[in-house]
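K.L.:
Handing you a structure now.
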Amino acid sequence: MSAPPTKSVTPVTGKAQLAEYLESGCKPRSAWRIGTEHEKFAFRLRNLSPVPFDGPDGIEALLKALTRFGWQPVEENGRVIALDGVKGGSITLEPGGQVELSGAPLETIHQTCDEVHEHLRQVKEIDRELGLGMIGLGFHPKWRRDEVPWMPKGRYRIMREYMPKRGNLGLDMMTRTCTVQVNLDFENEADMVKKFRVSLALQPVATALFANSPFTEGRPNGFLSYRSQVWTDTDPDRTGDLPFVFEDGFGFERYVDYLLDVPMYFVYRDGRYIDASGQSFRDFLDGRLPALPGEVPVLSDWADHLTTAFPEVRLKKYLEMRGADGGPWRRLCALPALWVGLLYDGTALDAAWDLAKDWTREERAALRTQVPKLGLATPFRGGTLRDLALEVLAIARSGLENRARRDGFGESEAHFLNALFAIAESGETPADELLRRFREEWNGSVDPVFQEYAY
């Protein structure tokens, strides 16, 4: 989730301007970058409890301490709720205190991995002083929803009140899930469409490879990626696999039409969030928004509204890959490697599209429905998703080799896929591993996960 927005003064005069906003993200290949985001649960070492915002060992204390590394505080109502980096990137908070690094736009996976490593080094230094730990999982393995503290951000108050009106698990999504995602560029509208279709079709592959949320409140929950399952019962107006992306004529304008049908959450004015939940951005364009009668939106209102849709792949001025559970350091580098390999090399992108272009809407929907529970064992076209995952990884590896972005030792970015090849070849997802250890080593307790899988 973002820090408080910066207000634009450019008024929106019509729908075409909204499409132009998205189109302004088009970049030449030489300017394509990689932006990696990852969330993690903070916990107190002494009792594994979630960390509140306030207090000497609270989330705000953590953020303030991180300023020693050059991060600049971002305040809302006098409280530090985010940090901006001097070299780009930011540290923000999810509703339940999940700490998120939104990385700077970087040129290579090598740089991305260095960024992640340095961020975790900084966080661990502060954690030692405060008696805290951090862990990457898709869903909180131990605590109930009512035991998780809420962060004091205005947009979260509005979302907290609205979410239960449109689904049963929206509050769980907000407070008890963590993800890793990568944001990637496109050259023009046609390139955006092809990348959107490939990444949307193959998102279940990423969900299976990164499945890492088999526990709820201390017990197995029957899923491998419960985080992914939570999204299926969050808010049907703003989630899902967007079948219209695969229809003829899809482009920036069609995505604008989709977003205009997504109900609003809020409008940001004069340092505060105004509740506009359930209201229509179309009405806002016409000056008929009940929350701000007579006003028309500015471009920053549109930018804010874009952040309130949660499909499996999201379009802003770039594309966000949103299907993966949070996990350990090695897999934080593997996710951008997977999607960069598939999307940033033309030959690999063509091969990935050839793999998925004849899938039916029903097949894509079946994968989305079954993968959270079955993972790599999901049946697909006479085989399993494991077979498909191995094909996808081979394409991604070739794409990274073709990019030929090498580190100081002469290695390409392809080695960052090794962790995913190990998962696909064994057929054991990270969640399967956790369940096996829960049964065989941990005597039916999830507590050891906080020691053995913490950063």
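Quick note: the coordinates plus some simple rules give every number you see, no bench work behind them. These numbers come from a predicted model, not from an experiment. Here the Cβ is made from the backbone with ideal geometry for all residues, glycine too, and neighbour counts use every protein chain on show.
K.L.:
Under a Cβ-Cβ limit of 4.7 Å, which cysteines in the chain have nobody to pair with?
P.N.:
Lone cysteines by the Cβ rule: Cys26, Cys178.
K.L.:
Using the Cα gyration tensor of the chain, with a ≥ b ≥ c the square roots of its eigenvalues, what is the shape: rounded (a/c below 1.5), prolate (a/b larger than b/c) or oblate (neither)? Please list the in-between numbers first.
P.N.:
Values: a/c = 1.36, a/b = 1.05, b/c = 1.29.
Rounded is the answer for the chain, as its axis ratio a/c remains below 1.5.
K.L.:
Also, quick follow-up: Could you list, in their original order, any pairs among Lys317/Lys357; Lys87/Lys316; Lys15/Lys87 whose Cα atoms are separated by more than 31 Å?
P.N.:
Numbers: Lys317/Lys357 24 Å; Lys87/Lys316 22 Å; Lys15/Lys87 34 Å.
From Lys317/Lys357; Lys87/Lys316; Lys15/Lys87, over 31 Å: Lys15/Lys87.
K.L.:
Another question, then. Give me the Å³ per residue figure for the convex hull around the C-alpha atoms of the range 114-255.
P.N.:
On the way: hull volume 23.4 nm³, N = 142.
Measuring per residue, one finds 165 Å³ for the Cα hull of the range 114-255.
K.L.:
Filter the trypsin sites (Lys or Arg not before Pro) in the range 375-455 down to the DSSP loop ones having no more than 12 other Cβ atoms within 10 Å, then list what survives.
P.N.:
Details: sites: Arg381, Arg386, Arg397, Arg403, Arg405, Arg406, Arg436, Arg437, Arg439; in loops: Arg381, Arg405, Arg406.
Filter output for the range 375-455: Arg381, Arg406.
K.L.:
Starting from 0.36 nm per residue, how many nanometres of slack lie between Ala366 and Asp233 once their C-alpha separation is accounted for?
P.N.:
Values: separation 133, 0.36 × 133 = 47.88 nm, distance 1.58 nm.
Between Ala366 and Asp233, full extension yields 46.3 nm more.
K.L.:
I'd like the Karplus ³J(HN,Hα) series for the range 300-308: coefficients 6.51, -1.76, 1.60, θ = phi - 60°, whole numbers in Hz, and an x wherever there's a Gly or Pro.
P.N.:
Rounded to whole hertz, the list is 5, 5, 5, 4, 5, 4, 4, 7, 9.
K.L.:
Any chance you could list P(r) for the range 54-93, counting all Cα-Cα pairs in 10 angstrom bins from zero, rounded to whole %?
P.N.:
33, 58, 9
K.L.:
Can you sort Phe210, Phe223 from fewest to most other Cβ atoms within 10 Å of each residue's own Cβ?
P.N.:
Values: Phe210 31, Phe223 23.
If I rank by nearby Cβ atoms, fewest first, I get Phe223, Phe210.
K.L.:
What are the ³J(HN,Hα) values, in whole Hz, obtained from phi via the Karplus relation 6.51 cos²θ - 1.76 cosθ + 1.60 with θ = phi - 60°, for each residue of the range 226-232 in sequence order, with x given for Gly and Pro?
P.N.:
Each residue of the range 226-232 in turn: 5, 4, 5, 5, 4, 5, 6 Hz.
K.L.:
Sticking with this structure for a sec: Give the Cα extents of the range 330-455 along the principal axes, in whole Å, largest first.
P.N.:
Its Cα atoms span 49, 45, 18 Å along the three principal axes.
K.L.:
Could you let me know the centre-to-centre spacing of the range 241-280 and the range 337-370, using Cα atoms, in angstrom?
P.N.:
Using only Cα atoms, the two centres lie 25 Å from each other.
K.L.:
Moving to a separate point now. Count the net charge of all other residues whose Cβ sits under 12 Å from the Cβ of Arg29, scoring Lys and Arg as +1 and Asp and Glu as -1. Each step should come with its number before you reach the end.
P.N.:
Numbers: positive: Lys27, Arg33, Arg403; negative: Glu107, Asp185, Glu187, Asp191, Asp345.
Combined, the nearby Lys, Arg, Asp and Glu give -2.
K.L.:
Next question. For the chain, what's the relative contact order in percent, using C-alpha pairs closer than 8 Å and at least 6 residues apart?
P.N.:
On the way: 898 pairs, mean separation 96.1, N = 455.
Relative contact order comes out at 21 percent.
K.L.:
For the chain, what is the calculated [θ] at 222 nm in deg cm²/dmol (nearest 500), taking -39500 (n - 2.57) for each run of four or more DSSP H residues and dividing by its residue count? Walk me through the numbers before you get to the answer.
P.N.:
Details: 17 runs with 188 residues, N = 455.
Value at 222 nm, helices only, nearest 500: -12500 deg cm²/dmol.
K.L.:
For the range 124-198, I need the span (max minus min coordinate) of the C-alpha atoms along each principal axis, in Å, sorted largest to smallest.
P.N.:
Principal-axis extents of the range 124-198 (Cα, largest first): 49, 39, 25 Å.
K.L.:
Suppose we flag GluC sites (Glu not before Pro) only when DSSP calls them loop and at most 11 other Cβ atoms lie within 10 Å. Which is the longest uninterrupted stretch of the chain? Spell out each step's value before the answer.
P.N.:
Working: sites that count: Glu247, Glu441.
Looking at the chain, 1-246 is the longest stretch - no exposed GluC sites (Glu not before Pro) with at most 11 other Cβ atoms within 10 Å.
K.L.:
Answer rounded, prolate or oblate for the range 210-257, using the Cα gyration tensor with square roots of eigenvalues a ≥ b ≥ c: rounded when a/c is under 1.5, else prolate when a/b is larger than b/c, else oblate.
P.N.:
Working: a/c = 4.59, a/b = 2.99, b/c = 1.54.
Prolate, since a/c reaches 1.5 and a/b exceeds b/c.
K.L.:
Using Cα pairs under 8 angstrom and six or more residues apart, how large is the relative contact order of the range 225-306, in percent?
P.N.:
Numbers: 72 pairs, mean separation 14.9, N = 82.
Computed over the range 225-306, the figure is 18 percent.
K.L.:
Which three extents, in whole angstrom, do the alpha-carbon atoms of the range 359-405 cover along their principal axes, largest first?
P.N.:
Principal extents (Cα only, largest first): 36, 20, 19 Å.
K.L.:
Mind sorting Lys124, Lys194, Lys153 by how few other Cβ atoms lie within 10 Å of their own Cβ, fewest first?
P.N.:
Details: Lys124 14, Lys194 18, Lys153 24.
Fewest-to-most Cβ neighbours within 10 Å comes out as Lys124, Lys194, Lys153.
K.L.:
From the Cα trace of the range 220-356, what convex hull volume per residue do you get, rounded to a whole Å³? Could the numbers behind the result be given before it?
P.N.:
Numbers: hull volume 22.9 nm³, N = 137.
Spelled out: Cα convex hull of the range 220-356, divided by residues, is 167 Å³.
K.L.:
Could you please rank Cys113, Cys178, placing first whichever residue has the fewest other Cβ atoms within 10 Å of its Cβ? Provide the component values of the computation, followed by the final result.
P.N.:
On the way: Cys113 22, Cys178 25.
Lowest count first: Cys113, Cys178.
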